[in-house]
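Chemist: Quick one: the structure is below, and I'll ask about it shortly.
The values are calculated or read from the model by the stated rules, or taken from the named source; none is laboratory data. Being a predicted model, the structure only gives us computed values, none of them experimental. Every residue, glycine as well, gets a Cβ built from its backbone with ideal geometry; the counts of neighbours run over all protein chains shown.
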Amino acid sequence: MCLRRDSISLRFTAAAKVFILFGDPVAHSLSPVMQNAALQAAGIDGLYIPWRVQSAGLPAAFESLRGMENFGGANVTIPHKEQAFALVDTLTKEAAAVGAVNTIVARGGRLLGANTDGQGFLRSLQEEADFLPCGKRVVIFGAGGAARAVSFSLAEAGAVELTIVNRTVERAQSLAEFVDRETGVSAIGLGPDDPHIPARVRDCTLVVNTTSVGLGPSDPPPIDPALLRPGALVYDLIYRPRETALLREAEKRGCRALGGLGMLLYQGALAFALWTGQTPSEEAMRQAVVDVIA
Ligand code: ATR
């Protein structure tokens, strides 16, 4: 069998392992093209498919995995990472600590929930921006599953102060309390119009957008760009479009701006290794993604 998706030719047999991406929406995701490239490069008989599902349908979707003999593994994206945490059978140490799942590994009919977002994010920060969180103040926009992994990994890596800003203030406060309690790092949760935001943004060396604001071509930045301090690093987890309004405005103000391509790649490479026991070709994964968004 052979089919084409974007620039990848897939070869698989009827015995192929099936890998799945759960999300809503999923059409923007480059995980399918990236993971299929990794499967092909490793010579694995498998294919990675998007499965768009609403929250109400997620429990049944996960249940069907338990009886799927050729299930290879899965990823979970917006908005299901926290719900997935509650639906799997067991958890890795990272996923249990973070409270969100972005990777599912098949374990003899049971589902192991893992989280590779935090490690992928930290590696991207270090390798692409030479940024080490130790001793740094950070402002994070969003309080969903991705924000949980980002906040937790920054706190574990030695950040000294986290400000979490979210449209739904209760969610920001609850994540801040969680980080504070679990890591001892000072964290505060604020609503989008809180008067403390300008000072917090001016004082920080890293601003991270974990919200989906920016996925749409006409989405505004999730923050007033005038608040950004020149020299600060602005990281947008969004990788498509490659340059969001936030990153564009940040560059104009003399900030360093980094999109989420590196995090996508590194979290995906870790997920692949968990599913297959093999180290994937990161070069093949990167090339497949770059070919699509170039
Ligand atoms: P993920 O697991 O990928 O983080 P999520 O849990 O759905 O996905 O989180 C998405 C984040 O984007 C949330 O912080 C969400 O804010 P709410 O908690 O208020 O829902 C944020 N978000 C999504 N759409 C938004 C919008 N239009 N404006 C502001 N924030 C938005």
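Chemist: When the stretch 239-257 is examined, which residues are found to be over 27 Å from Val33 (Cβ atoms) and part of a loop (DSSP other than H, G, I, E, B)?
Modeler: Hits for the stretch 239-257 are Arg253, Gly254, Cys255.
Chemist: Looking at Gly231, Gly214 in this structure, which one is on the phi > 0 side of the Ramachandran plot, near the ligand (Cβ under 10 Å from one of its atoms) and part of a loop (DSSP other than H, G, I, E, B)?
Modeler: Residue meeting the stated conditions: Gly214.
Chemist: Does Ala226 satisfy being loosely packed, with under 14 Cβ neighbours inside 10 Å and more than 23 Å from Thr77 (Cβ to Cβ)?
Modeler: yes
Chemist: Report, ordered by the first and then the second residue, all pairs with beta carbons closer than 6 Å, sequence separation of six or more or different chains, a first member in the stretch 188-206 that is closer than 19 Å to Gly135 by Cβ, and a second member that is within 16 Å of the ligand (Cβ to nearest atom) and hydroxyl-bearing (Ser, Thr, Tyr).
Modeler: Short answer, once both residue conditions are applied: Ile188/Thr163; Arg200/Thr163.
Chemist: Then there is this: Which residue pairs have Cβ atoms under 9 Å apart, sit 6 or more places apart or on different chains, and have a first residue in the stretch 124-147 that is touching a residue at least 12 places away in the same chain (Cβ under 8 Å) and of a type in the set (S, T, N, Q) and a second that is within 14 Å of the ligand (Cβ to nearest atom) and part of a loop (DSSP other than H, G, I, E, B)?
Modeler: Ser124/Gly260
Chemist: Now a separate question. Only residues that are assigned to a strand (DSSP E or B) and either more than 16 Å from the ligand (Cβ to nearest atom) or farther than 16 Å from Val201 by Cβ (or both): list them for the stretch 109-152, please.
Modeler: Listed by number, the residues that qualify are Arg110, Leu111, Leu112, Gly113, Ala114, Arg137.
Chemist: Looking only at residues that are assigned to a helix (DSSP H, G or I) and crowded, with 18+ Cβ neighbours inside 10 Å in the stretch 43-81, which one is farthest from the ligand (Cβ to nearest atom)?
Modeler: Taking the candidates together, the pick is Leu65.
Chemist: Can you tell me how many residues in the stretch 9-44 are more than 24 Å from the chain's Cα centre (by Cα), under 19 Å from Ala106 (Cβ atoms) and not hydrophobic (A, V, I, L, M, F, W, C)?
Modeler: 1
Chemist: Something else now. Looking at the stretch 168-210 only, could you name the residues that are part of a helix (DSSP H, G or I) and within 12 Å of the ligand (Cβ to nearest atom)?
Modeler: Val169, Glu170, Arg171, Ala172, Gln173, Ser174, Leu175
Chemist: Another one. Given the conditions (1) part of a helix (DSSP H, G or I); (2) within 14 Å of the ligand (Cβ to nearest atom); (3) over 29 Å from Thr103 (Cβ atoms), report the number of the one that Gln267 does not fulfil.
Modeler: If we test Gln267 against (1) part of a helix (DSSP H, G or I); (2) within 14 Å of the ligand (Cβ to nearest atom); (3) over 29 Å from Thr103 (Cβ atoms), just (3) comes out false.
Chemist: Next up: Of a type in the set (D, E, K, R), outside the structural domain of Ala100 (by TED's automatic domain parsing) and touching a helix residue (DSSP H, G or I) at 6+ places or on another chain (Cβ under 6 Å): which single residue out of Arg200, Arg181, Arg242 fits that description?
Modeler: None of the other options fit; the residue is Arg242.
Chemist: Give the number of residues within the stretch 197-251 that are within 18 Å of Val138 (Cβ to Cβ), among the small types (Gly, Ala, Ser) and in contact with a Gly (Cβ under 7 Å, 6 or more places away or on another chain).
Modeler: Selection size over the stretch 197-251: 1.
Chemist: Based on what the data block shows, is Arg253 in contact with a helix residue (DSSP H, G or I) (Cβ under 9 Å, 6 or more places away or on another chain), of a type in the set (Lys, Arg), in the same structural domain as Glu127 (by TED's automatic domain parsing) and touching a residue at least 40 places away in the same chain (Cβ under 8 Å)?
Modeler: The answer is no for Arg253.
Chemist: Still on this structure, I have one more. Go through the stretch 153-167 and give me each residue that's of a type in the set (D, E, K, R) and more than 9 Å from the ligand (Cβ to nearest atom).
Modeler: Result: Glu156, Glu161.
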